[in-house]
Amino acid sequence: MKEFTQFVAGEQEHITKALQSAVEKMPQSVREIADYALLSGGKRLRPVLTLLWYGLLKTPQALTHKTLTVYDASVVLEMFHVASLLHDDVLDNADLRRGKPSAHLKFGIRPCLLAGDALLAMGNRQMAEFNNTALMTVISDALLKTAAGEVEEIALAGKIPADSREYLSVIEGKTAWIIRSACEVGAIMAGADENGRRLARDFGLNLGMAFQIVDDALDFSAEEIIGKPAGGDLRERKCTPPVHMYAQSLPAEEKDTFVQKFAVLPDPVFEIQKQHAENGFSDEELKAITEQIIAAGYPQKTRELAGEYLAKAEACLRSFDSPCAAVLREAVAYVQNRNK
């Protein structure tokens with residue numbers, strides 16, 4: 001994965017400059033919050049994927065602008081992603097984001113929610129400057145799908161569905177679609193034909209699905225690896241693959257008890273479904289279930305599920321033999337082998 005990590009490192013300065021340029025165009029009242037949220041680090045996977053697909057598919061018909069570059073297009077979906085994080089941290093009452101105090105603790109809840117909205121608006125405005133309908137359609141769909149996925153996740157909290165289709169629908173919306181869109185933005189900026197755009201979309205969607213599924217496996221990793229207590233999704237009543245596998249493995253009577261307790265939501269955000277905490281899992285039960293999930297190998301089986309999507313992503317690159325294609329193949333390996 002050396003080429004991928006080198007490419008990411010080499011592009012960080014350009015991506016950061018594009019983000020700084022976007023922040024400087026925003027109203028003064030939200031600029032400080034946007035700067036704090038956007039420039040506090042992160043993987044910057046979405047801009048990197050835009051740049052790679054642009055480099056892979058670039059044609060003489062590539063889009064140009066008198067002042068903006070592909071870097072300015074690449075950061076729009078990163079702005080959308082960070083806006084969603086500002087909103088999520090408020091909903092989750094998160095204390096930290098990327099090792100720093102969450103923005104709402106530093107600036108207040110209402111200013112952060114409004115700054116998130118401003119980032120969405122700024123991203124739309126910046127992309128509109130390229131005067132390309134296809135670009136606007138792609139990013140509008142990304143916003144719509146992401147919002148729908150988040151709502152679906154809230155509706156699914158505390159439930160153990162019969163199969164994994166509902167879970168997969170949630171992660172397609174809340175995580176995979178925006179990565180899919182980042183890849184397609186690169187293809188459109190490159191002037192690619194419909195087949196090139198399709199390959200970019202399919203690659204991004206499958207990579208995004210795998211990215212989230214690996215995240216769900218990592219949630220049950222040892223604390224010293226990921227830096228937080230294992231089993232956070234279980235505590236938040238998110239039915240991710242390791243949790244679903246565990247529930248399906250239980251004898252009928254035990255499964256009924258598990259389902260009943262899993263339905264007791266500890267988070268006051270979910271007021272509609274919230275029940276008395278004493279009817280849910282105790283801390284000791286949560287710890288024991290987490291240990292059982294790890295011992296049964298469900299995190300590893302979850303990684304195997306991610307591998308199925310990664311194989312589909314890699315298949316999109318079969319017809320390409322170039323430095324950008326090689327880096328994209330390493331991006332697939334990076335997602336498969338993530339440990340944090």
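Being open to solvent by 20 Å² or more (accessible area, probe 1.4 Å), in contact with a strand residue (DSSP E or B) (Cβ under 8 Å, 6 or more places away or on another chain) and either modelled with pLDDT of 95 or more or part of a loop (DSSP other than H, G, I, E, B) (or both): is that true of Ser21 here?
No, not satisfied.
Only one of Ser102, Ser164 is of a type in the set (Ser, Thr, Tyr), over 25 Å from Trp53 (Cα atoms) and without any contact (Cβ under 8 Å) to a residue 24 or more places away in the chain; which?
After ruling out the rest, the residue left standing is Ser102.
Take the residues in segment 159-189 that are surrounded by fewer than 24 Cβ atoms within 10 Å (Cβ to Cβ) and small (Gly, Ala, Ser); name whichever of them is nearest to His87 (Cα to Cα).
Gly173
A quick yes/no check of all residues on (1) over 30 Å from Ala315 (Cβ atoms); (2) out of contact with any Phe, Trp or Tyr (no Cβ under 8 Å at 6 or more places or on another chain); (3) among the basic types (Lys, Arg):
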{"site": "Ile171", "(1), (2), (3)": "no, yes, no"}
{"site": "Lys174", "(1), (2), (3)": "no, yes, yes"}
{"site": "Trp177", "(1), (2), (3)": "no, yes, no"}
{"site": "Phe211", "(1), (2), (3)": "no, yes, no"}
{"site": "Ala217", "(1), (2), (3)": "no, yes, no"}
{"site": "Pro242", "(1), (2), (3)": "no, no, no"}
{"site": "Tyr246", "(1), (2), (3)": "yes, no, no"}
{"site": "Ser249", "(1), (2), (3)": "yes, yes, no"}
{"site": "Leu265", "(1), (2), (3)": "yes, yes, no"}
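Does at least one position in segment 204-224 carry a residue that is open to solvent by 60 Å² or more (accessible area, probe 1.4 Å), more than 17 Å from the chain's Cα centre (by Cα) and at pLDDT below 95?
The answer is yes; a qualifying residue exists.
Where in segment 76-128 are the helices (runs of 4 or more DSSP H), entirely inside, with at least 3 residues that are touching a helix residue (DSSP H, G or I) at 6+ places or on another chain (Cβ under 7 Å) and crowded, with 21+ Cβ neighbours inside 10 Å?
76-92, 109-128
Taking Leu52, is it touching a residue at least 40 places away in the same chain (Cβ under 8 Å) and either open to solvent by less than 60 Å² (accessible area, probe 1.4 Å) or over 26 Å from Gly196 (Cα atoms) (or both)?
So Leu52 passes the test.
Would it be correct to say that Ala306 is surrounded by 13 or more Cβ atoms within 10 Å (Cβ to Cβ) and farther than 17 Å from Val48 by Cα?
Considered against the rule, which asks whether it is surrounded by 13 or more Cβ atoms within 10 Å (Cβ to Cβ) and farther than 17 Å from Val48 by Cα, Ala306 comes out as yes.
The values are calculated or read from the model by the stated rules, or taken from the named source; none is laboratory data. Just so it is clear, the model here is predicted, and its values are computed rather than measured. A quick note on method: Cβ atoms are made from the backbone with ideal geometry, for glycine too, and the neighbour counts reach across all protein chains shown. Side chains are part of the model used for accessible areas, which takes the heavy atoms of the whole protein and leaves out ligands, DNA and RNA. Shrake-Rupley method; radii C 1.70, N 1.55, O 1.52, S 1.80 Å.
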